1. Give me the pairs, please: first residue somewhere in segment 33-45 and without any contact (Cβ under 8 Å) to a residue 60 or more places away in the chain and on the phi > 0 side of the Ramachandran plot, second residue anywhere and surrounded by 14 or more Cβ atoms within 10 Å (Cβ to Cβ) and part of a strand (DSSP E or B), beta-carbon distance under 8 Å, and either six or more positions apart or on two chains.
2. Of all the strands (runs of 3 or more DSSP E) wholly in segment 34-121, which have at least 1 residues that are under 30 Å from residue 1 (Cβ atoms) and at pLDDT 90 or above?
3. Which one of the conditions (1) touching a strand residue (DSSP E or B) at 6+ places or on another chain (Cβ under 6 Å); (2) loosely packed, with under 13 Cβ neighbours inside 10 Å does residue 45 fail to meet, given that it meets all the rest?
4. From the set of residues in segment 126-137 that are modelled with pLDDT of 95 or more and crowded, with 18+ Cβ neighbours inside 10 Å, which is nearest to residue 99 (Cα to Cα)?
């Protein structure tokens, strides 16, 4: 099935939908611009293209969508040390994503946490103390504000027992 959006937020997307799994077809798109759109779904049935009814959508001005990433954050560290958590926050409701400065980002890892304010490049950094050896979820959270929607990111972080590396490993 292909869904075409015409209007202020024009886009075309293909959705894979299995018949017999209900009557709905999940589809979503980002309304970056206020105004009117029209959606039409196209499907191939018995070799012929069939179009749905036109569905009007009206977008009004609201809070901007955000994206938070932790691509520059380490994925492991040693017990008793700290990791340098890094997150980048951008506004994705504009045609070219723009950094969001001055936003508080909360980081959490196992029993440790910290928070930092994003700089002019949308980057927030702080150090989290690492506790006992474990695999845990490192999360970054932006709560949102009057102009921007909330966002979060997470990744698996491995806290390694540093004695193995300090004394060496003899093997079996």
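The values are calculated or read from the model by the stated rules, or taken from the named source; none is laboratory data. Source: prediction; values computed, not measured. Neighbour counts are summed over all protein chains in view; Cβ atoms, including those assigned to glycine, are modelled from backbone coordinates with ideal geometry.
1. Qualifying pairs under 8 Å: 35/7; 35/59.
2. On the way: elements: 35-45, 48-51, 55-59, 66-69, 76-78, 82-91, 104-109, 112-117.
Qualifying strands (runs of 3 or more DSSP E): 35-45, 48-51, 55-59, 66-69.
3. (1)
4. 126
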